[in-house]
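Every number here is computed from the coordinates shown, using simple stated rules; none is lab data. Being a predicted model, the structure only gives us computed values, none of them experimental. Note that each Cβ is placed from the backbone with ideal geometry, even for glycine, and that neighbours are counted across all protein chains shown.
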Amino acid sequence: MVAQPTSSRNEQPQLLGKDEIAEGTMAFRFEKPPGFDFRPGQSADLTLFNPPETDSGGNTRTFSIASAPFEEKLMFATRMRDTAFKRSMKQIPLGTRVKIDSATGSFTLHKNPAKPAVFLAGGIGITPFLSILRQADHERAPHKLYLFYSNRRPEDVPFLKALGALTMTNTNFRFVGTMTNISNSKSKWGGETGRIDKEMLSRHLSDFRGPIYYIAGPPAMVAGMRKMLAGTDVDEDDIRSEDFAGY
């Protein structure tokens, strides 16, 4: 006999949509459970009931919430690596019910609007920042917001159009995209190229010591950004980071 979920249906949100938002990256949209509250930048555990396949990692994974609190649906986005969990996520049909635990985490926008926020993102590390930026736009937050976003090629960039749209609606937001492997792209790109470094930041920031820095991306990228910022005498207390390891 197949085991059935034990929680009530209201606590088992349905999968409402899924689509490829960049090469090798998918977004999954779910019902928002009643009373589900979260702060932009937080994450939540997602559990699959009786998935098509499983492995030693189990049926639960933690995802940053890519949607903003004001939105009616919950969205998660992930790189589709070749793992049992990711293959199951791609296979499950619309209407499938899952378990989404309460949101957790402190990777959220600071309260003092006098200090700018500088977001340094790599790849799928954009997800918590998208939530923060969309909510800030919705609330007309007074913070100055800078996003430096590194990818290999434009084809690999999730939410590129959405980020561009935010620059049009939020005058406090500046978006700096950069591509590290543009020579292998078929798309046109007029922005920055190369990795995020001190020189790139200095072209767009008037002062290194002042903002709060948020870093999200692959572990090696996060470590490199922390080391780079340390070399600019940024106070360690002004640097916050989250690693996005694949599974």
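Dipole of the stretch 143-238 computed with +1 at Lys/Arg Cβ and -1 at Asp/Glu Cβ about the Cα centre; of G191, P211, L145, farthest Cα towards the positive end is G191. Spatially, the stretch 95-109 and the stretch 179-226 are offset by 28 Å when compared through their Cα centroids.
The Cβ shell under 14 Å around F129 holds other residues with a net charge of +2, Lys and Arg each +1, Asp and Glu each -1.
For the chain, the relative contact order comes to 19 percent (Cα pairs under 8 Å, sequence separation of at least 6).
Largest mean-square fluctuation among I65, I92, I215, in a Gaussian network model of the chain whose springs join Cα atoms under 10 Å apart, belongs to I92.
Pairs of Lys residues in the stretch 121-198 that lie 8 or more places apart, or on two chains, and have C-alpha atoms under 24 angstrom apart add up to 4.
Here is the list for the stretch 171-247: trypsin sites (Lys or Arg not before Pro) lying in DSSP coil, each with at most 16 other C-beta atoms within 10 angstrom of its C-beta, are K186, K188, R195, R209.
Among residues other than G24 with Cβ under 10 Å from its Cβ, the summed charge is -2 (Lys and Arg +1, Asp and Glu -1). Assuming charge only on the beta carbon of Lys and Arg (+1) and of Asp and Glu (-1), the dipole of the chain about its Cα centre is about 440 debye to the nearest 20. Other residues within the sphere of radius under 15 Å centred on the Cβ of T232, judged by their own Cβ, net out at -3 (K and R +1, D and E -1).
Note: relative contact order over the stretch 10-100, using C-alpha pairs below 8 Å and six or more positions apart, is 39 percent. The dipole here belongs to the stretch 129-244: it is taken about the Cα centre, uses +1 on the Cβ of Lys and Arg and -1 on the Cβ of Asp and Glu, and is about 540 debye.
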